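So the structure is just underneath, and the comments pick up after that.
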Amino acid sequence: MNNNLNNCFCISDNTHSFTKWLLQLLGPVIFGVKPAEIISFPYSDKQNSYRLTEIKRILDKNNKIFYKEFSYCNKCTKILFYNSTELNNILSEYRNLKFLQSIGYPNNYNLNIYLDFIIGKMKTGDIPDEIGIFLGYPLKDVLGFIGHPSLKLTKINGWRVYGDSRISDIKYMQFINAKNKMKELLNHHNVDTVLKAI
């Protein structure tokens, strides 16, 4: 769904900048408007060890986000950050669940089993199209991306939007508003204060 997922990326050499960038990126997950986010850290990056340690430090201070770390194609470490309540709600929603089961996910739904299932696919070097559901994109956009004939590309706004864009636009604005809310908090408070407050 997102072309960046096939590449390893991570920005900012500055420690403080990295932490602020990470919290802003994860703002929608922290505030519960986005079920998950995925970030890649290339093995070639000399800052990786620090960044992974900083991520663990941050998450130790927050009980809203969990994560699963795994190796991707021997090129990078990927981390799937998730809000367990929001992700569980999204995955267990009837239409999403039926779709995932139709493409091979286990019939008996369990959040950890489904997370392990998609991570198992990614460990083989495949970023499956259904990652969009885990990231909170509307099912219609995932189906359109896969090639459903009745869903035509409407626009690109954070991701590829298919068919009627109203639901996608609302979701996109929720993501943007949560990032802006986090940015505003970080502009007025230091990182540790923000972590305690959220």
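Derivation of every value follows stated rules applied to the coordinates shown; laboratory data play no part. Treat the numbers as computed from the prediction; the structure is a model and nothing was measured. As a convention, Cβ positions derive from the backbone with ideal geometry for all residues, glycine included, and neighbour counts pool all protein chains shown.
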- Message: For the range 163-198, give me each residue that is buried (at least 16 other Cβ atoms within 10 Å of the Cβ) and more than 20 Å from the chain's Cα centre (by Cα).
- Response: 163, 165, 185, 186, 191, 194
- Query: Among the residues of the range 104-114, is any in contact (Cβ under 8 Å) with a residue 12 or more places away in the chain and closer than 20 Å to residue 32 by Cα?
  - Reply: yes
- Hey, residue 125 hits all of (1) assigned to a loop (DSSP other than H, G, I, E, B); (2) free of Cβ contacts under 8 Å to residues at least 12 places away in the same chain; (3) not aliphatic (A, V, I, L, M) but one; which does it fall short on? (2)
- Could you grab me the full set of residues in the range 67-118 that are assigned to a loop (DSSP other than H, G, I, E, B), touching a helix residue (DSSP H, G or I) at 6+ places or on another chain (Cβ under 9 Å) and under 30 Å from residue 46 (Cα atoms)? 73, 83
- Item | Residue count for the range 33-64, restricted to those that are buried (at least 19 other Cβ atoms within 10 Å of the Cβ) and free of Cβ contacts under 8 Å to residues at least 60 places away in the same chain | 4
- Given the conditions (1) hydroxyl-bearing (Ser, Thr, Tyr); (2) surrounded by 14 or more Cβ atoms within 10 Å (Cβ to Cβ); (3) more than 21 Å from residue 123 (Cα to Cα), and given that residue 85 satisfies all but one, which numbered condition is not satisfied? (2)
- Query: Is there a residue in the range 142-161 that is within 16 Å of the chain's Cα centre (by Cα), buried (at least 19 other Cβ atoms within 10 Å of the Cβ) and farther than 22 Å from residue 88 by Cβ?
  - Reply: yes
- Quick one: how many residues across the range 18-61 are of a type in the set (Phe, Trp, Tyr), farther than 16 Å from residue 194 by Cα, in contact with a helix residue (DSSP H, G or I) (Cβ under 8 Å, 6 or more places away or on another chain) and not in a helix (DSSP H, G or I)? 1
